[in-house]
Amino acid sequence: MIQLNDNDEPQALPYAPNRAVLTAFMHRMLLFLLLLTGVMPVSAAPSQALGYAPAYPAGFAHFNYVNPAAPKGGSVNLAAVSGFDSLNPFTLKGQAAAGLTELMFETLMEGSLDEPFSQYGLLAEDVSLAADRRSVTYRLNPRARFHDGSTVTAADVQFSFDTLREKGHPQYRFYWGDILRAVVLDERTVRFDFARVNPELHLIVGQIPIFSHAWVGERDFEKMALVEPLTSGPYRIEKYELGKYITFVRNPDYWANDLNVRRGMYNFERVTYKFYRDFTVALEAFKAGEFDFNVEYNSKTWARDYVGSKFRDGRIVKTELEHQNNAGMQGFVFNLRRALFQDIRVRRALSLALDFEWSNRKLFYNQYQRCDSYFSNSELAARGVPAGDELALLEPFRAQLPPELFQRPWLPPRTDAPHSLRDNLREARALLQDAGWTYRDGALRNAQGEPFHFDIMLVQKGFERIVAPYARNLGKLGIEVSYRTVDPALYQRRLDTYDFDMVVSGFGQSQSPGNELVGMFHSSTAAQEGARNLIGIQNPVVDALVEKVIYARDRQALVTAAHALDRVLLWGEYLVPHWYIGTHRVAYWDRFGRPQQVPRYYSASSWMLATWWNREGGR
């Protein structure tokens, strides 16, 4: 659900299709409730303790945001701006094809898009959380089948978990750090043992992608680039050409066709992803009818390029779909592994040089709001000054935190009256001088005479118009900024190895964050290749507060810990905050039907793919 707005969709790259574990982070709804499909709840304790009631009763017919009578058939063509060289979406190596995890792989449980805190049974028909919360046991649905007709067994579940943890993307090891083991109890029953009590851990288990042991066999999982996955999902691969397209065809014998968590879903007979190297080319291809649906992340493009006779006469529908997603944080991210950015005064100075109000007015057509939290657009955002339980949580760390954190709220720099860019740059110059940087010989220099220079790595040219005025403002301080666009594959590799000075990135959040915060902000991941800790944060206070969020005893404790974590991250000046939008900007050819009800928490492309249908049938 992350959106790096006004970057034409390079937001897909940090969470690219081959980063399935990250997709699970951002697309899952972390949950404190568990209701099963037509059977008893996981446990009475979570709902009683937290005061939540699931929206759907046992034995419910279908989700509210689907059309249970949606016709099956037809096709849909989608776009991906990248290449691909792998059919294995779970490893650090290679670029996997779009659509693999969403269309082919299933999990034990299914999250509801109109609830932030509930899961329902998919591969699992029953689940039991131990009284001491140190283990959870799943019983598989006896109807569950892989697409070759073989039964999904507890041994497959165990094998999937073990393989992903040992051979998959490094994020799995962080995310599942408190899961000790998976134990097969019988053919249909598997137990997961935990190292310690973690309120969300049994729900994280429900999101483990499951595949057949036979898919891997004796092969080296990390080198399985072009072996078609053997999975239980609604689609399998029909054909592909590396780097150009991949077509998925619906399994006519899909085992869950009549299951309530699948009713009215995955209606297209065929789904084809076409791969483009450039967003501008992709948009022209969309308008020419080469693919059917597009989500736009560039405000200028949305305002000026989605025009013409096809839009006027309704052949292409242009609309904005509201959502209630936690917007997280987006910004120009400092790489603290670079000595240049280790001084907080320098980081604050560079933040003061961004004129958001001017950019929003002149470049973004006033479509955005400023990010003022790592949990923007949610109740988890810190407000005011710490008080009550939050203050008590922060008090032991007072000596390690800036005094201002306890005295006033953190706010991003502004340039609307009575503020101004001139005043901000004056403040920035003073901060830089305090940090040992002075202007002489035509540049800002340190005591050794070295000029202040850094690079911003981009993945699409669409962001250059955003960087240019920021670089000009920094130039007024004597700072030289270079920026260039690199190939998507190289960009991803350099992200994975932290080979950059500054990048545009986002830290998307669920409605109830948890273990994924380790990969983003915890010291243990700062040196781990492929982690999401792009900043390189190694702060013991952040570590402690991340753990407070993860091990919060109830929702209120989680909200309090999130407020404290948010406040510490903001005062750390780890990035230059950007902007967010409360709608999905989408356009599509008018050949589709869609459900009347839009869910609350969703990715536009995922909801479309899962619940829309083709009115033209055999297209």
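The values are calculated or read from the model by the stated rules, or taken from the named source; none is laboratory data. Given the structure is predicted, the values throughout are model-derived calculations rather than measurements. Cβ placement follows ideal geometry from the backbone for every residue including glycine, while neighbour counts extend to all protein chains displayed.
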Inset, instruction - Could you please give the count of residues in region 473-488 that are touching a Phe, Trp or Tyr at 6+ places or on another chain (Cβ under 6 Å) and either charged (D, E, K, R) or surrounded by fewer than 20 Cβ atoms within 10 Å (Cβ to Cβ) (or both)? - result: 1
Inset, instruction - Considering (1) part of a loop (DSSP other than H, G, I, E, B); (2) surrounded by 23 or more Cβ atoms within 10 Å (Cβ to Cβ); (3) modelled with pLDDT of 95 or more; (4) not acidic (D, E), say which one G149 fails and leave the rest. - result: (2)
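Within region 176-199, how many residues are of a type outside the set (A, V, I, L, M, F, W, C) and surrounded by 23 or more Cβ atoms within 10 Å (Cβ to Cβ)?
1
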Inset, instruction - Report yes if L350 is within 21 Å of A430 (Cβ to Cβ) and buried (at least 18 other Cβ atoms within 10 Å of the Cβ), otherwise no. - result: yes
Inset, instruction - May I ask you to verify whether R484 is basic (K, R) and without any contact (Cβ under 8 Å) to a residue 24 or more places away in the chain? - result: no
Legend entry - Unique match (being modelled with pLDDT under 95 and not aliphatic (A, V, I, L, M)) among E110, E106: E110
Legend entry - Odd one out for Q460, checked against (1) at pLDDT 95 or above; (2) crowded, with 17+ Cβ neighbours inside 10 Å; (3) under 21 Å from P577 (Cβ atoms): (1)
Inset, instruction - Hey, can you tell me all the residues within region 206-232 that are buried (at least 17 other Cβ atoms within 10 Å of the Cβ) and either touching a Leu at 6+ places or on another chain (Cβ under 7 Å) or part of a loop (DSSP other than H, G, I, E, B) (or both)? - result: G206, Q207, I208, I210, F211, S212, W215, M224, P229, L230, T231, S232
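Table: residues versus (1) at pLDDT below 95; (2) of a type in the set (A, V, I, L, M, F, W, C); (3) outside the structural domain of I479 (by TED's automatic domain parsing); (4) under 25 Å from the mean Cα position of the chain (by Cα).
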position: D313; (1), (2), (3), (4): no, no, yes, no
position: T319; (1), (2), (3), (4): no, no, yes, yes
position: Q324; (1), (2), (3), (4): yes, no, yes, yes
position: Q342; (1), (2), (3), (4): no, no, no, no
position: R361; (1), (2), (3), (4): no, no, no, no
position: A387; (1), (2), (3), (4): no, yes, no, no
position: E395; (1), (2), (3), (4): no, no, no, no
Inset, instruction - Within region 365-380, track down each residue that is buried (at least 21 other Cβ atoms within 10 Å of the Cβ), in contact with a helix residue (DSSP H, G or I) (Cβ under 6 Å, 6 or more places away or on another chain) and not polar (S, T, N, Q). - result: Y374, F375, L380
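Applying the selection to region 431-466, what residues are within 30 Å of F364 (Cα to Cα) and either touching a Lys or Arg at 6+ places or on another chain (Cβ under 6 Å) or without any contact (Cβ under 8 Å) to a residue 24 or more places away in the chain (or both)?
Selection gives L431, E464.
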Inset, instruction - Could you pull out the residue among A417, A428 that is assigned by TED's automatic domain parsing to the domain that holds D355 and either in contact with a helix residue (DSSP H, G or I) (Cβ under 9 Å, 6 or more places away or on another chain) or among the acidic types (D, E) (or both)? - result: A428
Inset, instruction - Assess whether S128 counts as being outside any loop (DSSP other than H, G, I, E, B) and out of contact with any helix residue (DSSP H, G or I) (no Cβ under 9 Å at 6 or more places or on another chain). - result: yes
Inset, instruction - Quick one: Y120 ticks every box in (1) of a type in the set (F, W, Y); (2) crowded, with 23+ Cβ neighbours inside 10 Å; (3) in a helix (DSSP H, G or I) except a single one, so which number is it? - result: (3)
Legend entry - Every residue from region 151-172 that is charged (D, E, K, R) and out of contact with any helix residue (DSSP H, G or I) (no Cβ under 9 Å at 6 or more places or on another chain): D162
Legend entry - Only one of L411, L425 that is hydrophobic (A, V, I, L, M, F, W, C), at pLDDT 95 or above and assigned to a helix (DSSP H, G or I): L425
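Rundown of residues vs (1) farther than 30 Å from L391 by Cα; (2) small (G, A, S), yes/no style:
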{"residue": "F406", "(1), (2)": "no, no"}
{"residue": "L411", "(1), (2)": "no, no"}
{"residue": "R414", "(1), (2)": "no, no"}
{"residue": "A417", "(1), (2)": "yes, yes"}
{"residue": "E427", "(1), (2)": "no, no"}
{"residue": "I466", "(1), (2)": "yes, no"}
{"residue": "Y470", "(1), (2)": "yes, no"}
{"residue": "L477", "(1), (2)": "yes, no"}
{"residue": "A489", "(1), (2)": "yes, yes"}
Inset, instruction - Kindly establish whether V261 is crowded, with 17+ Cβ neighbours inside 10 Å and in contact with a strand residue (DSSP E or B) (Cβ under 8 Å, 6 or more places away or on another chain). - result: yes
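Checking the conditions here, which among Y439, Y374 is hydroxyl-bearing (S, T, Y), outside any loop (DSSP other than H, G, I, E, B) and in contact with a strand residue (DSSP E or B) (Cβ under 8 Å, 6 or more places away or on another chain)?
Result: Y439 is the single residue among Y439, Y374 that is hydroxyl-bearing (S, T, Y), outside any loop (DSSP other than H, G, I, E, B) and in contact with a strand residue (DSSP E or B) (Cβ under 8 Å, 6 or more places away or on another chain).
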Legend entry - 1 or more residues of a type in the set (V, I, T) and closer than 30 Å to F60 by Cα: qualifying strands (runs of 3 or more DSSP E) within region 233-289: 245-250, 270-276
Inset, instruction - Only residues that are in a loop (DSSP other than H, G, I, E, B) and not aromatic (F, W, Y): list them for region 290-314, please. - result: E290, D292, N298, D305, V307, G308, D313, G314
Inset, instruction - Could you run through region 589-602 and say how many residues are in a strand (DSSP E or B) and aromatic (F, W, Y)? - result: 2
Inset, instruction - From the list Y470, Y491, pick out the single residue that is of a type in the set (F, W, Y), at negative phi, assigned to a helix (DSSP H, G or I) and buried (at least 21 other Cβ atoms within 10 Å of the Cβ). - result: Y491
